[in-house]
Amino acid sequence: DGVVVSEKVKSNNLDVKIPESELEAEEKGAEEERPRESDSNILDVSSDHPRDKHISIQRHLADLEKLADLREDEKKPCPLCPEEKFKACYSHKLHRHLQNLHWKVSVEFEGYRMCICHLSCRPVKPNLVGDQTLAKMGAHYHCIICSATIIRRTDMIGHINRHVNKGETESRFITVRAPKSSYEVVKESATDVQVLPNHSTPQKTDSYFNPKMKLNRQLIFCALAVLAGERKPIECLDAFGATGIMGLQWAKHLRSSVKVTINDCNENSVTMIKENCHLNKMKVKLNIKEEESDETVGDGEDNSDTIEVTKMDANVIMHLRSFDFIHLDPFGTSVNYLDSAFRNVRNLGIVSLTSTDISSLYAKAQHVALRHYGCNIVRTEYYKELAARTVISAVTRAAARCNKGIEVLLAVALEHFVLVVVRVLRGPTPADDSAKKVRYLIHCQWCEERVFQKEGNMVEENPYQQLPCDCHGSMPGKTAVLLGPLWSGALFNTGFLRRMLLEAVQYGLDEAQPLLKTLVCEAECTTLKHFSTHSPGDENKQEECGVYIKTPNTSAESYLVHGKRKSEEVLRSAAKRQRAEHSAEHPPFYYNIHRHSIKGMNMPKLNKFLNYLSEAGYRVSRTHFDPMGVRTNAPLVQFKTVLMKYSTPTYVGAQAEGPVHLPGEIQVGEEVPAAAEIKVEEAELAEDGKSGVAAAVFSQSYPTHCAAN
């Protein structure tokens, strides 16, 4: 087009201030370059759209004038005003009216202008009579997205901004297919999917595809592959398909072991999912209600390469049907779908959910976390694990409402998402056992020591006594906060993680393998050097939920139980005898080594510090939640003691007299520098007139050496 009026304005830039000179230049350009174009440039109101936009919504001022059909020799009425308000007039007067009264006070959104409308679209209050009725009639705007009528311009701008913040743009309400030429094909794990050019912005497109979530998809695939090895075929659901990439990977690699259902409530996404299925040479099984019978697969045919595509609300399809594996990945929080997910999931099935509302989970928007999850949280050094335990607590409560318990198989919190994978245990007893693990956490805001509140309903006189630290006695005021309710149980299942790692190796998922190795070490609370992919002969003794699981090293028969009481009793009694052979549950939470480092001291390397803690008799491992985090069962006091013992002074003032001892040069078991060197430091500082301050600092930093001197 020859005329472009602010086409590059962003969706959130809604304030329109156009000088009159620009509007006049625009009109002249429109008259010269496009003397009398057809009505194709006017807003398309063809039958392809499910609803027509109002005539007050136009792209250009010239399009608005075309509605009036301006002619110099005839009087024409205003298309947006009733005759009682504005009588028919000649073209020059009508042009000024449209420009000043309608166009200048319009609201812009994605290249369209929502002009003010004075027609009788909006009902008038009954108490207005006579001239007041005519004066109040028609002063409103029509929303381009939801067709709402709003009176004030500022209210209209806020209304559009709320649509944008919710991800509700024009493409969500008008089913207009993008041209085929605008699609691009993305390949991931031998699966091709068509996406739109703006696929990475969920507020602008229906086919949202995030390449940064590849690791998330690989972890979920490994969990499904482990479940497919236990029983087959299993029915699995991708409740929020978008492009269908996750369900396509399931069906393409696991084949006849799974029956995949991809669901999405958006018509454009469903159409794209079907096209992506054909792109990957997969058959599509449609709903019975749909009329496209040429693509429907009958019940008697081979369904190994068949994917069922549905167009429903996620809550509806999970209420109507039962599944063995359900994955929830909505835009934001998943709490709105937990009740329906646990209602019909089969016994010993798996529910995985990805939460991307990290602003609330990572305690940046604490009021939102309280609203969605019912948890009170604050920003701590272990905020990522706090987020994972917050999500699991909501999952536990939702499962307990359906008389189901859970066992956490995997909990991962990274930069962009929080992933939780749980196994479902049917029955009131597992539900009660899981609900008892939802407890409150006492967190000290001075030293960041933390401990779960003791079980029981009795109120304690002094809850500070539960904390190992003595900050309450030495610091003024209240020093601790009560966080939660949170999940207090284990975050990982070692046997399940080991089999996930084997599946990752088998299918060549390179990105997931390092993370799974870290998770196995974290679950066992051991360092990476003691890790091995194949456990020694007792791997066939892995027990999950009281059920034996088939592993690669076992020669015994694997037993899978589906509601048989006698078999369950036999398996559970055998499991009790084997629990002594398993390592203890990994300690909750972790400490950040930088957070607790001593000022003026060089702390040791992280791997060496892990060895020092292990030599001191504590269980220790790294954690995926924090690259500088240490998961250990050592109290914070002992953690600081070991860190202090193997830290070295920085020697800022003595660099000219001797070499700087770097922490990497210190061997295991080496003591801190001798007291004579500290005396030299004190003497130098005393010469500068700071002997009193120096003595106080050194007595706090090196109490042992100062006492010896």
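The values are calculated or read from the model by the stated rules, or taken from the named source; none is laboratory data. All figures in this text were calculated on a predicted structure; none of them were measured in a lab. With ideal geometry, Cβ positions are generated from the backbone for all residues, glycine too; neighbour counts draw on all protein chains shown. Only protein heavy atoms, including side chains, enter the accessible area calculation; ligands, DNA and RNA are left aside. Shrake-Rupley method; radii C 1.70, N 1.55, O 1.52, S 1.80 Å.
Filter the stretch 217-245 down to residues that are assigned to a loop (DSSP other than H, G, I, E, B) and among the small types (Gly, Ala, Ser), then give me how many there are.
In the first step, residues of the stretch 217-245 are kept if they are assigned to a loop (DSSP other than H, G, I, E, B); the result is 231-233, 239-244.
Keeping just the survivors that are among the small types (Gly, Ala, Ser) gives 239, 241-242, 244.
Total meeting the criteria: 4.
Do we have any residue at all in the stretch 382-394 that's over 19 Å from the mean Cα position of the chain (by Cα) and buried (at least 20 other Cβ atoms within 10 Å of the Cβ)?
The answer is no; no qualifying residue exists.
Could you tell me whether the stretch 196-217 includes any residue that is modelled with pLDDT under 85, aliphatic (A, V, I, L, M) and in contact with a helix residue (DSSP H, G or I) (Cβ under 8 Å, 6 or more places away or on another chain)?
Checked the stretch 196-217: at least one residue is modelled with pLDDT under 85, aliphatic (A, V, I, L, M) and in contact with a helix residue (DSSP H, G or I) (Cβ under 8 Å, 6 or more places away or on another chain).
Given the criteria under 21 Å from the mean Cα position of the chain (by Cα), under 27 Å from Asn457 (Cβ atoms), of a type outside the set (Ser, Thr, Tyr) and crowded, with 16+ Cβ neighbours inside 10 Å, does Val438 qualify? Reasoning before the result, please.
On the way: under 21 Å from the mean Cα position of the chain (by Cα): no; under 27 Å from Asn457 (Cβ atoms): yes; of a type outside the set (Ser, Thr, Tyr): yes; crowded, with 16+ Cβ neighbours inside 10 Å: yes.
Judged against the criteria, Val438 is not a match.
What residue, of Arg172, Arg162, Arg177, is basic (Lys, Arg), part of a loop (DSSP other than H, G, I, E, B) and at pLDDT below 85?
Matching residue, one of Arg172, Arg162, Arg177: Arg177.
Are any residues in the stretch 348-391 assigned to a loop (DSSP other than H, G, I, E, B) and either of a type in the set (S, T, N, Q) or free of Cβ contacts under 8 Å to residues at least 60 places away in the same chain (or both), and if so, which ones?
Scanning the stretch 348-391 gives Thr356, Asp357, Tyr362, Ala363, Lys364, Ala365, Arg379, Thr380.
Among the candidates Gln466, Gln453, which residue alone is surrounded by fewer than 17 Cβ atoms within 10 Å (Cβ to Cβ) and in contact with a strand residue (DSSP E or B) (Cβ under 6 Å, 6 or more places away or on another chain)?
Working: Gln453 fails: surrounded by fewer than 17 Cβ atoms within 10 Å (Cβ to Cβ).
Exactly one of Gln466, Gln453 is surrounded by fewer than 17 Cβ atoms within 10 Å (Cβ to Cβ) and in contact with a strand residue (DSSP E or B) (Cβ under 6 Å, 6 or more places away or on another chain), namely Gln466.
All but one of (1) open to solvent by 10 Å² or more (accessible area, probe 1.4 Å); (2) touching a Leu at 6+ places or on another chain (Cβ under 9 Å); (3) at pLDDT below 95 hold for Trp446; state the number of the condition that does not hold.
(2)
From the residues in the stretch 57-105 that are acidic (Asp, Glu) and over 27 Å from Met156 (Cβ atoms), which one is least open to solvent (accessible area, probe 1.4 Å)?
This residue is Asp69.
Would the stretch 476-484 turn up any residue that is crowded, with 18+ Cβ neighbours inside 10 Å and either under 17 Å from Leu219 (Cα atoms) or basic (Lys, Arg) (or both)?
no
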